[in-house]
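Colleague: Questions regarding the structure given below will be posed in turn.
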Amino acid sequence: MTCKLKEFENSIIAEHLHRALIKMDGVEYDDSAQGPTIGYRLSRQKFQFATLHGGKAYQSLVLHMDPGNPDSRIGKEKQQEVQEVLDFDIANCRSHLLKRHEVYIPFEKLDCLNALVCIQPFINEAMEVQEKEGRIVV
């Protein structure tokens, strides 16, 4: 377990998410970034599929839906789907710039086990896109 979780403003949700992500088969994490940020990738993949951001402006799980392709709009589409599932509008709870290829899920929307179960398909999709695109480490 990483001691970085203590740096998160909402360390309970961050720890819960961290434990769920590292339980998944083949998931590795990188906590070397400055500040409360932890990245997650599958051992064979080039890019991270998820990042926990714990800074005051973020406090979110970010899913990288098409990593390495900032022009992709898949994140915008998936953002809408996640918002429908968890009943929120990211524009009402975060003011930072949103990237088109990422999905932002505020920690406060993940404060129960049921919410994590609801977003599992989106996490799986973020993990699988790199396999489909051939973005693996050889």
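Colleague: May I ask for the equivalent-ellipsoid semi-axes of the stretch 19-81, computed as the square root of five times each C-alpha gyration tensor eigenvalue and listed largest first in whole Å?
Modeller: On the way: eigenvalues 72, 53, 27 Å².
For the stretch 19-81, the semi-axes come out at 19, 16, 12 Å.
Colleague: Give me Rg over Rh for the chain, both radii from the alpha carbons and Rh done the Kirkwood way, two decimal places. Intermediate results must be reported in sequence, preceding the final value.
Modeller: Details: Rg = 13.9 Å, Rh = 15.0 Å.
Ratio of gyration radius to Kirkwood radius for the chain: 0.93.
Colleague: Each residue of the stretch 67-79 in turn: what ³J(HN,Hα) in whole Hz from Karplus with 6.51, -1.76, 1.60 and θ = phi - 60°, glycine and Pro shown as x?
Modeller: x, x, 10, x, 7, 5, 10, 4, x, 4, 5, 5, 4
Colleague: Each residue of the stretch 108-118 in turn: what ³J(HN,Hα) in whole Hz from Karplus with 6.51, -1.76, 1.60 and θ = phi - 60°, glycine and Pro shown as x?
Modeller: So the Karplus estimates, Gly and Pro as x, are 5, 8, 10, 8, 8, 4, 4, 4, 5, 4, 5 Hz.
Colleague: What does the highest-first list of 100-109, 68-77 look like by mean Cβ count within 10 Å? Kindly include the intermediate steps, with their values, before the conclusion.
Modeller: Details: 100-109: 21.3, 68-77: 14.6.
Taking the mean over residues of other Cβ atoms within 10 Å, the ranking is 100-109, 68-77.
Colleague: Taking amide H atoms as placed 1.01 Å from N in the peptide plane, list the residues 5 or more away in sequence, or in a different chain, whose amide H sits under 5 Å from that of residue 50.
Modeller: Amide H to amide H, under 5 Å and 5 or more residues apart or across chains, residue 50 pairs with 40, 64.
Colleague: Can you give me the Cα centroid spacing of the stretch 103-125 and the stretch 26-102 in angstrom?
Modeller: Rounded to whole Å, the Cα centres lie 11 Å apart.
Colleague: Oh, and also: Heavy atoms only, probe 1.4 angstrom, no DNA, RNA or ligands counted: give me 32, 60, 43 ranked by accessible area, highest first. Kindly include the intermediate steps, with their values, before the conclusion.
Modeller: On the way: 32 90, 60 0, 43 65 Å².
Listed by decreasing accessible area, they come as 32, 43, 60.
Colleague: Given Cα pairs under 8 Å that are at least 6 residues apart, what percent is the relative contact order of the stretch 49-138? Could the numbers behind the result be given before it?
Modeller: Numbers: 121 pairs, mean separation 31.1, N = 90.
Relative contact order, the stretch 49-138: 35 percent.
Colleague: Residue-wise, which Karplus ³J(HN,Hα) couplings in Hz belong to the stretch 36-46, taking 6.51 cos²θ - 1.76 cosθ + 1.60, θ = phi - 60°, and x for glycine or proline?
Modeller: Going residue by residue, I get x, 9, 9, x, 10, 8, 7, 3, 8, 9, 6 Hz, with x marking Gly and Pro.
Colleague: Now, a different point. As a check on your grasp of the helix formula, calculate [θ] at 222 nm for the chain: sum -39500 (n - 2.57) over DSSP H runs of n ≥ 4, divide by the residue count, round to the nearest 500. Before the final figure, lay out each step's value.
Modeller: Details: 4 runs with 51 residues, N = 138.
Taking each H run of at least 4 residues, the total per residue is -11500 deg cm²/dmol.
The values are calculated or read from the model by the stated rules, or taken from the named source; none is laboratory data. Bear in mind that the values here come from a model prediction, so they are computed numbers and not experimental data. When we count neighbours, we look across all protein chains shown, and the Cβ atoms used for this are built from the backbone with ideal geometry, even at glycine. Note: areas computed on protein heavy atoms with side chains; ligands, DNA, RNA excluded. Shrake-Rupley method; radii C 1.70, N 1.55, O 1.52, S 1.80 Å.
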